[in-house]
Amino acid sequence: MTAPDPATLRLGVIGAGFMGRQHLDFIRAAAGVSLAAVADPAVPADGFECPAYESTERMLDAAQLDAVVIANPNALHVETAVRCLEAGVAVLLEKPVAVDYAQSLQLVEAVKRLDGRLLVGHHRRHHPAVARAHAAVHGGELGEVVAVSGLWSARKEDAYFTDIPWHSRPGAGVLLINVVHDLDLLRHLCGEVVEIQAIQSSHARGLDVEDTVTLNLRFHSGAVGSFLASDAGVSPWGWDQATEETSAFPFLPDGVAYRIVGTRAALSVPNLARYAYDPSVSPDWHSPLSRTYLPVVPRGSFAAQLEHFAEVARGRAAPLVSAEDASRTLALVEAAALAAPTHRTVDVARFRADVEAGRRP
Ligand SMILES: NC(=O)c1ccc[n+]([C@@H]2O[C@H](COP(=O)([O-])OP(=O)(O)OC[C@H]3O[C@@H](n4cnc5c(N)ncnc54)[C@H](O)[C@@H]3O)[C@@H](O)[C@H]2O)c1
């Protein structure tokens, strides 16, 4: 498919809720893109400084778009993205890429079939601390990674569940809404996860969806990891509190979301504090530890994501997070959701193979 290369890309936003409105702000603030249309059945036609349509179809027919940002409910992601790709527009699709791995495979197939330009909105991958942490891990600065631990917890307001019904239905719990970001980053930083165990709870809110979960991970590299998450508990710990990505979260400087433990050094992320023993003494546990902060140039993830998306839309860059890549993150989330109630250790590659073959995992 031929990519457009106008000086200013005409963007539409599909779904103008909590996240879609943030995308509207990012688009308004960015160079090289303009807000051309909004599609959302629940917004007034004159509610924005651009035309608003009640459906994606009407917008695609009328607005002559180069690209769209899709931020509608998860269950609509794949059908909406495929419809937009068929119309020849580039797509920035909010995470999760689909509601389950099987559905995400339909999108992977459509991207290939249509030669589509699609980026999945795992925005944290665009944070400069992630690129630096990735370089540290993969460049051997930590030695061999033996373990990683992570935590995300924040208390969502009750109205999040009462006012928006899909938030309390299966598929919109803390795993798929929040932990999906963390598992995506852990895969990006530490490689593929081969086994996963999980314990989950709905005790705090009493809803059908899980509010709290703990995961054990075994990576292909041989490293092991753990991740704990809750959307019912107050905490300063988590990616969102440790970065200034959105004003929707309080910012606590020097915050930590992940601790990566290597044989030569440890690294906390995203504050990028690197800890190592004093090699002039002896590089082991009784030696003094030093802490140095790895330097990065600050940059907002969403602004960087949008800039990258414009390059993808123009056909000048391959997506940093493709549908296939995001589908692997989704498979991991689903494997965790399978592991929790069955108390099984789930072999992630076998889980994917079963789904791909149409077998029940
Ligand atoms: N990247 C992030 O950090 C992040 C954060 C929050 C939400 N999200 C994702 O963004 C998406 C939206 O989440 P939200 O919290 O904004 O939900 P929301 O319920 O606030 O917004 C969804 C919007 O989609 C609209 N909508 C419903 N059906 C539609 C249709 N057929 N066509 C167009 N619009 C339609 C709704 O009217 C609503 O305005 C979800 O996929 C969610 O996972 C991502």
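The values are calculated or read from the model by the stated rules, or taken from the named source; none is laboratory data. A quick note: this is a predicted structure, and the numbers were derived from the prediction, not measured. Cβ: placed from backbone, ideal geometry, glycine included. Neighbour counts: every protein chain shown. For the accessible areas, the whole protein counts, side chains as well, though only heavy atoms, and no ligand, DNA or RNA atoms are used. Shrake-Rupley method; radii C 1.70, N 1.55, O 1.52, S 1.80 Å.
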Practice problem: Collect residues whose amide H, placed 1.01 Å from N in the peptide plane, falls under 5 Å from the amide H of LEU93; neighbours closer than 5 in sequence don't count. | Solution: ILE70, LEU119, VAL120, GLY121
Practice problem: Identify which of HIS220, HIS167, HIS286 has the largest mean-square fluctuation in a Gaussian network model of the chain, with springs joining Cα atoms closer than 10 Å. | Solution: HIS286
Practice problem: Find the relative contact order for the range 248-335 and round it to a whole percent, using C-alpha pairs within less than 8 Å whose residues are 6+ positions apart. | Solution: 14
Quiz item: Taking only C-alpha pairs under 8 Å that are 6+ residues apart, what is the relative contact order of the chain in percent?
Solution: 19
Quiz prompt | Furthest towards positive pole of dipole, HIS203, ILE177, CYS190, structure part the range 115-208, Cβ charges | solution = ILE177
Quiz prompt | Extension gain (nm, one decimal) between ASP284 and THR162, 0.36 nm per residue minus Cα-Cα | solution = 38.7 nm
Self-check item: Relative packing of 46-53, 118-125, which averages over residues the other C-beta atoms within 10 Å, highest first
Solution: 118-125, 46-53
Quiz item: What is the packing order of peptides 60-67, 157-164, 126-133, taking the mean over residues of other C-beta atoms within 10 Å and listing the highest first?
Solution: 126-133, 60-67, 157-164
Quiz item: Rounded to two decimals, what is Rg over Rh for the range 49-162 when you use alpha-carbon atoms and the Kirkwood radius?
Solution: 1.08
Quiz item: Quick one: Karplus J couplings for the range 7-17, per residue in order, coefficients 6.51, -1.76, 1.60, θ = phi - 60°, nearest Hz, x for Gly and Pro?
Solution: 4, 10, 7, 8, 10, x, 10, 9, x, 10, x
Practice problem: Have a look at ARG314, ARG117, ARG28 and tell me which one the Gaussian network model of the chain (Cα, springs below 10 Å) gives the largest fluctuation. | Solution: ARG28
Quiz item: Counting Lys and Arg as +1 and Asp and Glu as -1, what is the net charge of the other residues whose Cβ lies under 13 Å from the Cβ of LEU272?
Solution: +2
Quiz item: Restricting the count to DSSP beta bridges whose residues both fall in the chain, what percent are antiparallel, rounded to a multiple of 5?
Solution: 55
Quiz item: How long are the three semi-axes of the equivalent ellipsoid for the chain, computed from the Cα gyration tensor as the root of 5 times each eigenvalue, in whole Å, largest first?
Solution: 34, 24, 20
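Keeping all protein chains in place, calculate the accessible area per residue for the chain (probe 1.4 angstrom), answer in Å².
45
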Exercise. Assuming R0 = 30 Å, can you tell me the calculated FRET efficiency for the pair ALA135 and ASN216, based on Cβ-Cβ distance, to the nearest 0.05?
Key: 0.65
Quiz item: Carbon and sulfur atoms: what percent of the 1.4 Å accessible area of the chain do they account for?
Solution: 54
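Working from the alpha-carbon coordinates of the range 128-298, get Rg over Rh, Rh being the Kirkwood radius.
On the way: Rg = 17.4 Å, Rh = 17.1 Å.
Taking Rh as the inverse mean 1/r over Cα pairs, Rg/Rh reads 1.02.
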Practice problem: Taking the Cα centre of the range 128-298 as origin, work out the dipole magnitude from +1 charges on Lys and Arg Cβ and -1 charges on Asp and Glu Cβ, in debye rounded to 20. | Solution: 320
